[in-house]
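This report concerns only the one structure given below.
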Amino acid sequence: MKVATHHLRCTECATVIANDAVSSNFRCPLCNGLYEVLYSWSEGPTSPESRLPNPSALRWLWQERRSSTMAVDQSGVWRFRDLLPIVDDLEKVVTLREGNTPLYDLPRCAKAAGIDWLLAKHQGMNPTGSFKDTGMTTALSVAAQRGFEWVACASTGNTSAAMAAYAARAGLRSIVFIPEGKIAWGKLSQSMDYGALTIQLKTDFDGCVKILGELVQKFPIYLLNSVNPYRLEGQKTPAFEMVEQMDWQVPEHIVVPGGNLANSAALAKGFSEMFQLGLIPRRPKISIIQAEGANPLYRWFIDSNREMKPVTADTRATAIRIGNPASWRKAAKAIDELGGWCEQASEQEIALAKAEIGAEGIGCEPASAVTLAGLKKLVALGKITPEERVVLILTGHTLKDSAYTIDYHRNELFTDAENAELSQAEQAQHAALRKAPIVIEADPDLVLHTLESHMNQPQPA
């Protein structure tokens, strides 16, 4: 299918450049802003030459590709390639059959949040276990097409795993810069396994980003952090999948975790493009939830002066432990244009929400659980009404940070001082969800007595 080529537009000063004219750090030389990918139809069909097939034809085509044996058709990203024409040769596409992630019903979590209807789009079911795969397949395919040998990223874990896997698949060499301190080693083990050169710097994530930004201007290394606009082209496709899975019905509200803040911007772009092209009748609201210890966007949101101030990030939800998010302006635009909100969640609220999601048989990493914790607050504030249809974006698999889960259920995640701050009701909520291993002697009678005592307890509602 023939579609127009693309350009890049600065999201701050609106300067448009050719796609091959972008600098190595993906920053506008005029204002230091980030770019977005611009198509001739990005803001609606403008001429017969640029108009895509009608919405019904696109829906049919995307559904037909699901039965194809071609790798690009089996990908839940490249199946929608008509809306991301960023590579000239499909043979250059690097894919691990990413996307096609499930949409789960969460009835007990809906009850806990005080709403009637709640779904979770689980991006942790991607090949390397996080939403980063959907963006990495697109950005790394561009890198491969443009002849790069080396690719690199700064990461708290998920980005490095995705980049290393896709680079290995493409036969490229990869470098990972990770911060000293709080990272999830399960994620880092993936990038090691996929052959990445791993460098741990004595700084935080934002310090790693700064170093990498300087390096890519001196060496032919392709930057694969979320400042790369081609990452967002892949990360917009879960919006397409979601409404397709809902029979092209649009939920009222999407709730997204907030770390480096590109994912919410990508989803907003996906919904906006579908709306402009007539695939959906309206766009959902998008709200972003951050951890209290890494909440620069939340502080911006409640600041009457709307001034972004970086923070020193500190949260056990390591995937969103970012104090100076690169894509904050894009995320802020998504909130303002789509009418969403920004909230924050405490460490205890995140842990409780993660356990509640897990109790439904749907595991996720801690950063994903901020969505449910934030949803509860938005409902309590009247920002989301009980009858609204809400979709949580779960960004990472539960095994990404298994130590967190084990510590929670053993009641070792928080200090005595932190636990003392909880009310009796909150302590009871946690106690009801904790399922620590029971250690007893290998005696049949003792085992039977222990089982009977648990079997006689009522099943949680």
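The values are calculated or read from the model by the stated rules, or taken from the named source; none is laboratory data. The shown structure was predicted, so the numbers you read here are calculated from the model rather than taken from an experiment. Because the Cβ atoms are built from the backbone with ideal geometry, glycine has one as well, and the counts that use them run over all protein chains shown. Note: areas computed on protein heavy atoms with side chains; ligands, DNA, RNA excluded. Shrake-Rupley method; radii C 1.70, N 1.55, O 1.52, S 1.80 Å.
Sorted by packing (mean other beta-carbon atoms within 10 Å per residue), highest first, where do 401-412, 201-212 land?
Sorting 401-412, 201-212 by mean packing, highest first, produces 201-212, 401-412.
Quick check: at a probe of 1.4 Å, how many percent of the accessible area of the chain sits on carbon and sulfur atoms?
51 percent
Please compute the per residue accessible area over the chain with all protein chains in place, 1.4 Å probe, rounded to a whole number of Å². Don't skip to the end; give the middle numbers.
Values: 19690 Å² over 461 residues.
With all protein chains present, the chain gives 43 Å² per residue.
In debye, nearest 20, what is the charge dipole magnitude of the stretch 368-428 about its Cα centre with +1 on Lys and Arg Cβ and -1 on Asp and Glu Cβ, if you could check? Numbers along the way, then the final one.
On the way: 6 positive and 9 negative charges, 75 e Å.
Around 360 debye, computed over the stretch 368-428.
Which one of Met242, Leu119, Thr398 is farthest out on the positive end of the charge dipole of the chain, using unit charges on Cβ (Lys, Arg +1; Asp, Glu -1) and the Cα centre as origin?
Most positive-ward Cα: Met242.
Could you work out [θ]222 nm for the chain from helices alone, using -39500 (n - 2.57) per DSSP H run of at least four and dividing by all its residues? Round to the nearest 500 deg cm²/dmol. Before the final figure, lay out each step's value.
Numbers: 18 runs with 180 residues, N = 461.
Value at 222 nm, helices only: -11500 deg cm²/dmol.
Any chance you could check the Cα centroid distance between the stretch 434-454 and the stretch 219-236 for me, in angstrom?
A separation of 51 Å, based on Cα centres.
By how many nm would the segment from Ser346 to Arg389 grow when fully extended, if each residue of separation counts as 0.36 nm and the alpha-carbon distance is taken off? Each step should come with its number before you reach the end.
Values: separation 43, 0.36 × 43 = 15.48 nm, distance 2.47 nm.
Value of the extension gain: 13.0 nm.
About the Cα centre, and with charges only on the beta carbon of Lys, Arg (+1) and Asp, Glu (-1), how big is the dipole of the stretch 311-461? Nearest 20 debye, please.
On the way: 14 positive and 22 negative charges, 167 e Å.
Its charge dipole is roughly 800 debye.
Put +1 on the Cβ of each Lys and Arg and -1 on the Cβ of each Asp and Glu in the chain; which of Cys13, Pro325, Gly361 then has its Cα farthest toward the positive end of the dipole?
It is Cys13.
Taking 0.36 nm per residue of separation and subtracting the Cα-Cα distance, what length does fully extending Leu215 through Arg146 add? List each step's numbers first, then the result.
On the way: separation 69, 0.36 × 69 = 24.84 nm, distance 1.88 nm.
Answer, rounded to one decimal: 23.0 nm.
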